[in-house]
Each structure stands twice: as C-alpha cells, then as structure tokens.
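Some notes on the structure that comes next.
Every number in this text was worked out from the coordinates using simple rules, so none of it is lab data. These numbers come from a predicted model, not from an experiment. With ideal geometry, Cβ positions are generated from the backbone for all residues, glycine too; neighbour counts draw on all protein chains shown.
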Amino acid sequence: MGKISSKVFDLQGKNVGKIKLPSVFMTALRPDIVNRAVVALQSRSFQAQGRDPMAGKRTTAESRGVGLGIARVPRVKGRQRAAFGVSIVGGHRAHPPRSEKKIVKKIPRKEARFALQSAVAATGNKELVAGRGHLVEDVKDFPLVVVDDIEKLKRTKDVESVLLALGVWGDVFRVRESRKVRAGKGKGRGRRYKQAVGPLIVVAEDAGILKAGRNLPGVDVALVGGLNVELLAPGTHMGRLAVWSQSAVEELDERFGGN
C-alpha cells in the first residue's frame, strides 16, 4: 500500500503543507507491462526498412541449361559473366527485408493506461528510483511535490536554484558527469554524445518553465496532460526521479481518479 499524503515544498525547499495523493500513486508496480507499453510507443517512430524489388535483377542474365560443361548459373547474354543469382556477386538477396513488414507493436488500450498509471506510481517509490540510478540521498520526499510557483520560473538559473533546494541537483550533476562521446559511426550521424537521464519536472501549465528547464542536461519538463510511459520510464525502466507541481498532482486525480 502506498502513501496517502505527501509533503508540499516551496521553492526554497521548506515544507509548507501536505497534499492528499491521488489513488494512481497506489497502483501496482508492473515493470513487465510498462516495458511492453514503452516498446509499443517507440515502435511508432521506427523507420520502415526495405529493398528495391528490382535490386540485383536489372540484367539480361539467363541460364543456358545443361550439357555445356559449365555451371547452370544465369549468365549475361553474349558474355560468360554470371549475374542475378543469390550466390553471385551483385546478385539479388534471397529474402530481403520488405518495407511493408509490420513493425509497429500494438498494446490494448486498457493495458496502456494501466502502464502509465504504474509508471506514475513508481515515481513515488524511493527504492525503485534509487535502483534506476538516480541520486536520491538529498531528495526531500517521494513523490516530490512543489508549490505551483515552479511553473512560473523563466530562467534556467532559477530552475537550478530550486532543484538545489529540493535536493535534486545532485542527479543533474550526475548526468553532466556521464556525458561522453559515442563510439562508432553514430557520432557522425547527429548523435555524437551519450548521457544519462536526469529528473523529470511535471507541471499543469507552462508559464515559462518549459523554456527555463530545457537547457539543463538530462532534465525534461512535461505537462501532466502530455505524460507518456517513455517519459516516466526511459529505456523501459520505471522509477524516474520526478518533481511534481501541486496542480499537476491534483490534475492526476481528475485524470486517473477512478483508475
């Protein structure tokens, strides 16, 4: 059974009250269903891969049949060079990938909804968040709820000071230290750097926080109405360190109140 209420902190990290947590934070933790939901969401962005149906087949090559003392492979007309065949250099592939292959994975609507609820509940579990690799020693509470003034921050410097007061800044620093150059050709294809995933800030309205928080490494800012399982469980691993505005938590109650 999860917590019934949680502390509410101001931008200086001081406890200023309590809030009754919506029932979604009591949802059972099901990493297997969350995994399926994240993969299903990611599969929508996969690029279809296929081959030109005529690749390796644009040739006059035909087999000359038997009785000539030579292999029966297709040969270019007027020449001895072999072509077209699967075992021949420049020939077509035996079973090439087709662009019409179904690569989008589907999940039942109710199961996807439950996965989102489970991922939300995981943000309130300190052991699960720590197990995911986040630094949680100085975090004030789980789930971490902040007054709505956080939505009005307009400068990255202000967001940084708030995260520091709430004990979350250590996790942002961890992300900075994890940044490294990717091995292989990927670094020449628009993904030069790899870094860990940091905290997620969830708000009900954007009064400047989206722009203010996007320059911090590893930090994502999302509207509660736009939450998805990939934001809450990057890489299919649930338990992301999250900072909730008070209004965002109340809106969760409206969205998932009846589960």
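Some values worked out for this structure:
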item	result
Descending principal axes extents, region 29-166, alpha-carbon based, whole Å	87, 37, 26
Between region 71-87 and region 114-169, the Cα center-to-center distance that results, in Å	66
Region 170-259: translational diffusion in µm²/s, Stokes-Einstein, Kirkwood Rh over Cα pairs, 20 °C, 1.002 mPa s	147
Rounded tilt (10° steps) of 109-122 against the dominant C-alpha axis of the chain	50
Order by protection proxy (mean Cβ within 10 Å, highest first), peptides 18-24, 247-253	247-253, 18-24
Identified option (computed mean projected area of the Cα convex hull in nm²; candidates (1) 19.5; (2) 16.7; (3) 13.9)	(1)
Whole-percent pair-distance distribution, where bins are 5 Å wide, for the alpha carbons of region 1-41	6, 19, 15, 14, 15, 13, 13, 6, 0
Charge-dipole axis of the chain as Lys and Arg at +1 and Asp and Glu at -1 on Cβ define it, positive-most pick from Val89, Gly184, Gln42	Val89
Degrees separating the helix 156-165 axis from the principal Cα axis of the chain, which is the longest one	60
For Val221, residues with placed amide H under 5 Å, excluding near neighbours	Ile201
Ranked list, fewest to most other Cβ atoms within 10 Å of each Cβ, for Met238, Met54, Met26	Met54, Met26, Met238
Inter-site label distance for Arg214 and Lys20 at 7 Å from Cα along Cβ, in nm	3.8
Region 171-220, Rg to Rh (Cα coordinates; Rh as Kirkwood inverse mean 1/r)	1.09
Given charges at beta-carbon only (K, R positive; D, E negative), |dipole| of region 6-88 in Debye	320
Distant-in-sequence amide H partners of Val146 (H built 1.01 Å from N, under 5 Å)	Phe9, Trp244, Ser245, Gln246
Total charge dipole magnitude, the chain, about the Cα centre, Cβ charges on Lys, Arg, Asp, Glu only, Debye to nearest 20	2540
For region 1-44, size of Cβ-based charge dipole, Lys and Arg +1, Asp and Glu -1, in debye	80
Those trypsin sites (Lys or Arg not before Pro) in region 89-173 that DSSP places in a loop and that have at most 13 other beta carbons within 10 Å	Arg93, Arg98, Lys101, Lys102, Lys106, Lys154, Arg155
Compactness of region 1-78 as Cα Rg over 2.2 N^0.38 Å, two decimals	2.87
Cα-Cα over 31 Å, subset of Lys106/Lys194; Lys154/Lys180; Lys110/Lys211	Lys110/Lys211
Of the trypsin sites (Lys or Arg not before Pro) in region 166-259, those whose Cβ has at most 14 other Cβ within 10 Å and which sit in DSSP loop	Arg179, Arg182, Arg189, Arg191, Arg192, Arg214
